[in-house]
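Peer 1: Below you will find the structure I want to go over with you.
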Amino acid sequence: MITASHLYNYLTCPHRVTMDAFADPATRGEPSPFVQLLWERGSLFEAETIRMLGLPFVDLSKLRGDEKEAATRAAIERGEGLIYNGRLSADGLLGEPDLLRREGTTAAALARYVAVDIKSGAGYEGAGGNGGEGGEEEGKPKAHYGVQIALYTDLLRRLDRSAGDYGFIWDVHGREVRYDLHAPLGVRDPERTLWSVYLETRQAVERALSAPEGRGETTPAAAAVCKQCVWRQPCLAELKARGDLTLLPELGRAKRDVLVRQFPTVANLANANIDRFVTKNGRKTEFPGVGPGTLRKFQARARLCSAKKADAAPYLTASVDFIPKPKTEVYFDIETDPMRDLCYLHGFIVRENGDAATEQFVGIYAEDVTPEAEHDAFRAAWTFLQQHRESLVVYYSKYERTAYRKLANRFPDVCRLEEVEALFALPRSLDLYLDVIRSKSEWPTMDYSVKTLAKYLGFQWRDTDPSGASSIEWFNRWAETRDPALKQRLLDYNEDDCVAMRVVLDAVRGMRVREG
């Protein structure tokens with residue numbers, strides 16, 4: 001049976017479907033505390049949403065298997081208005097939508113239904129707290145939500161009980177987001193719809209599940225999503241054993257699958273004459289979506305990662321003389337709880353005259369999970385930054401800027417949006433990742449996260465499990481218990497993140513530009 005989970009997992013990582021079906025269970029890891037928190041919060045949010053419905057519904061949540069399916073079909077035959085936690089199957093498909101809602105007529109014989117799924121995330125891709133980054137744009141439907149709605153709709157169609165090719169997501173912001181399955185997902189490819197994505201994904205899952213022991217149909221690939229996956233260790237071991245191209249920074253599954261026929265391994269790419277794959281005018285390669293510059297960049301990374309340890313030193317590809325060198329530097333990192341849409345910690349390391357001995361940590365913590373506490377912490381952090389107008393503010397990637405834009409929209413009495421833009425622009429501030437690491441350096445690592453680079457340089461976090469995902473789980477436990485030890489753990493983790501940026505920037509300032 002193909003389920004909604006199969007479709008969701010395939011879009012996240014195609015190989016996850018194969019591993020779940022065929023891999024040795026003994027090699028499976030335990031779900032991380034963060035993943036368990038997501039499950040728990042999702043279940044609590046669903047239960048709270050159902051409790052707040054204020055509408056009569058048929059509750060099938062205590063039933064299982066065939067008994068649940070029989071009860072679902074009986075409720076449909078009776079024309080019930082709302083069916084919670086039902087189960088439908090047909091033609092090798094199985095779905096358990098959160099809700100089935102009758103649309104239109106009240107006549108039982110003519111009753112038609114749509115699926116409604118309750119999600120503890122935003123209903124739109126890239127949506128912020130009230131829509132988009134600035135609270136205005138809605139974004140587009142999420143494909144991994146859409147294929148689930150499409151599966152339930154497909155089942156209703158096969159049972160001749162569908163009200164139409166659409167469904168709804170009830171999201172964390174209390175919105176009912178309509179998912180039209182045949183609406184174009186973009187202007188460039190009007191034929192691509194949630195329904196077409198569903199059909200492609202369903203067929204791919206069918207092939208993966210029907211392949212002998214899953215062989216050859218899917219392959220692992222290194223990606224950010226791997227960090228929370230129960231199959232991380234066996235997949236990573238396989239990738240390293242065969243020198244897979246996705247071990248290189250920013251070379252993901254799609255580009256790997258384009259390049260792999262000519263360059264099966266990292267070593268092959270490192271030693272190849274790539275000029276023969278570049279067109280005569282030098283503008284394109286024979287690999288769709290991979291230009292000459294990108295191909296040369298990947299080869300440089302392959303050579304660096306294939307080199308002997310003594311020769312595998314990071315280097316600059318361009319000068320970084322543009323980085324200001326003021327008397328005072330402020331290293332800046334925030335912590336947020338995306339499930340509450342709350343920025344609860346603004347952390348700063350202040351350093352004078354490039355001397356690590358002068359470093360002082362300032363952690364501004366929201367002492368509650370309320371908008372008022374978030375506002376007060378933001379105001380204090382903004383005041384602190386205004387006191388360091390002559391300092392260089394260093395942050396890593398655009399997350400802080402995006403969060404501050406949202407906070408400025410949410411709390412306009414603290415600062416204006418144009419003030420946020422001025423704060424995060426050179427020479428006032430430096431985005432260490434985008435301005436330097438990603439654009440002007442190469443490293444012999446799998447990725448360019450600040451944790452990976454700082455650890456490569458010898459820095460160690462005090463916590464045994466330092467990650468953004470883990471910090472969300474710690475904060476959730478603090479919000480429930482107000483345990484001061486958890487608060488201190490969060491402050492220490494944030495301080496170490498700030499120091500890690502300083503470690504990386506100091507290393508960059510000591511690097512030389514490699515010719516060519």
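Peer 1: For LYS327, go through the aspartates and glutamates and keep the ones whose alpha-carbon is under 14 Å away, minus same-chain ones fewer than eight residues off.
Peer 2: GLU352, ASP355, GLU359, GLU390
Peer 1: Among 429-442, 181-194, 257-270, what's the highest-first ranking by average C-beta atoms within 10 angstrom per residue? Write out the running numbers ahead of the final one.
Peer 2: Values: 429-442: 19.3, 181-194: 13.7, 257-270: 17.5.
By packing density, highest mean first, the sequence is 429-442, 257-270, 181-194.
Peer 1: Can you pull the Kirkwood radius for the chain, inverse mean 1/r over Cα pairs, to one decimal in Å?
Peer 2: 25.9 Å
Peer 1: Next up: In debye, nearest 20, what is the charge dipole magnitude of region 36-78 about its Cα centre with +1 on Lys and Arg Cβ and -1 on Asp and Glu Cβ, if you could check? Provide the component values of the computation, followed by the final result.
Peer 2: Numbers: 7 positive and 8 negative charges, 12 e Å.
Computed about the Cα centre, the dipole is about 60 debye.
Peer 1: From zero outward in steps of 5 Å, how is the percent of C-alpha pairs of region 392-507 spread across the bins?
Peer 2: For region 392-507, the binned pair fractions read 2, 10, 17, 18, 18, 17, 12, 5, 1, 0 percent.
Peer 1: Under a straight-distance cross-link criterion of Cα-Cα below 28 Å, which lysines are reachable from LYS297, leaving out those fewer than 8 residues away in the same chain?
Peer 2: LYS227, LYS240, LYS255, LYS280, LYS284, LYS308, LYS309, LYS398, LYS440, LYS451, LYS455
Peer 1: Let me ask you something else. Roll a 1.4 Å probe over the protein heavy atoms and report the accessible area of TRP461 in Å², nearest 10.
Peer 2: 20 Å²
Peer 1: Out of residues 5 or more away from TYR315 or on other chains, whose amide H comes under 5 Å of its own, with H placed 1.01 Å from N in the peptide plane?
Peer 2: Result for TYR315 returns GLU442.
Peer 1: Suppose each label sits 7 Å from its Cα in the direction of the beta carbon; what would the ARG78-ALA272 distance come out to in nanometres?
Peer 2: Calculated label separation equals 6.3 nm.
Peer 1: In a shell of Cβ-Cβ distance under 14 Å around GLY282, excluding GLY282 itself, what net charge do Lys and Arg (+1) and Asp and Glu (-1) give?
Peer 2: +3
Peer 1: Excluding ALA107 itself, what net charge comes from residues whose Cβ is under 15 Å from its Cβ, given Lys and Arg +1 and Asp and Glu -1?
Peer 2: Within the 15 Å Cβ shell, the charges total 0.
Peer 1: I've got another one for you. Based on the inverse mean of 1/r over its pairs of different Cα atoms, what is the Kirkwood hydrodynamic radius of region 204-334, in Å?
Peer 2: Working: mean 1/r = 0.0568 Å⁻¹.
Hydrodynamic radius (Kirkwood, Cα only) of region 204-334 equals 17.6 Å.
Peer 1: Sort region 345-430 into rounded, prolate or oblate with this rule: let a ≥ b ≥ c be the square roots of the eigenvalues of the Cα gyration tensor; rounded if a/c is under 1.5, and if a/c is not under 1.5, prolate when a/b is larger than b/c, oblate otherwise.
Peer 2: Note, shape of region 345-430 comes out oblate.
Peer 1: Continuing with the same structure: Give the shape of region 266-413 as rounded, prolate or oblate, defined through the alpha-carbon gyration tensor: a ≥ b ≥ c are the square roots of its eigenvalues, a/c under 1.5 means rounded, and otherwise the shape is prolate if a/b is larger than b/c and oblate if not.
Peer 2: On the way: a/c = 2.86, a/b = 1.97, b/c = 1.45.
Prolate is the answer for region 266-413, as a/c is 1.5 or above and a/b outweighs b/c.
Peer 1: Per the 1.4 Å probe, what fraction of the accessible area of region 209-291, in percent, lies on carbon and sulfur atoms?
Peer 2: On the way: 2380 of 4740 Å².
Reported share for carbon and sulfur atoms: 50 percent.
Peer 1: To the nearest Å, what is the center-to-center distance of region 143-179 and region 276-334, using C-alpha atoms only?
Peer 2: The two parts, judged by their Cα centres, are 43 Å apart.
Peer 1: Let me ask you something else. Ignoring ligands, DNA and RNA, how do HIS144, HIS346 rank by accessible area with a 1.4 Å probe, largest first?
Peer 2: So the residues, ranked largest to smallest area, are HIS144, HIS346.
Peer 1: In square angstrom, rounded to the nearest 10, how much accessible surface does GLU400 have for a 1.4 Å probe?
Peer 2: 10 Å²
Peer 1: Right, next: For a quick check of understanding: with a 1.4 angstrom probe and all protein chains in place, what accessible area in square angstrom does MET19 have, to the nearest ten?
Peer 2: 20 Å²
Peer 1: Taking a 1.4 Å probe, which of PHE361, PHE378 shows the most accessible area, and what order do the others take after it?
Peer 2: So, going from the largest accessible area down, we get PHE361, PHE378.
Peer 1: I've got another one for you. What accessible area per residue comes out for region 10-52, rounded to a whole number of Å², with a 1.4 Å probe?
Peer 2: The answer is 60 Å² per residue.
Peer 1: What is the local net charge at ALA71, summed over the other residues whose Cβ is closer than 13 Å to its Cβ (Lys, Arg +1; Asp, Glu -1)? The partial results should precede the final answer.
Peer 2: On the way: positive: LYS62, ARG64, LYS68, ARG73, ARG78, ARG87; negative: ASP59, ASP66, GLU67, GLU69, GLU77, GLU80, GLU96.
After counting each charged neighbour, the total is -1.
Peer 1: Tell me the Rg and the Dmax, in Å, that the Cα atoms of region 137-204 produce.
Peer 2: Radius of gyration, then largest Cα-Cα span, for region 137-204: 12.2, 37 Å.
Peer 1: In what sequence, largest accessible area first, do ARG489, ARG276, ARG296 appear using a 1.4 Å probe?
Peer 2: These residues rank, largest area first, as ARG276, ARG296, ARG489.
The values are calculated or read from the model by the stated rules, or taken from the named source; none is laboratory data. Since the structure is predicted, the reported quantities are computational estimates derived from the model, not experimental observations. In this analysis, Cβ positions are derived from the backbone assuming ideal geometry, glycine residues included, and neighbour counts consider all displayed protein chains. Protein only, heavy atoms only, side chains kept; ligands, DNA and RNA dropped before computing areas. Shrake-Rupley method; radii C 1.70, N 1.55, O 1.52, S 1.80 Å.
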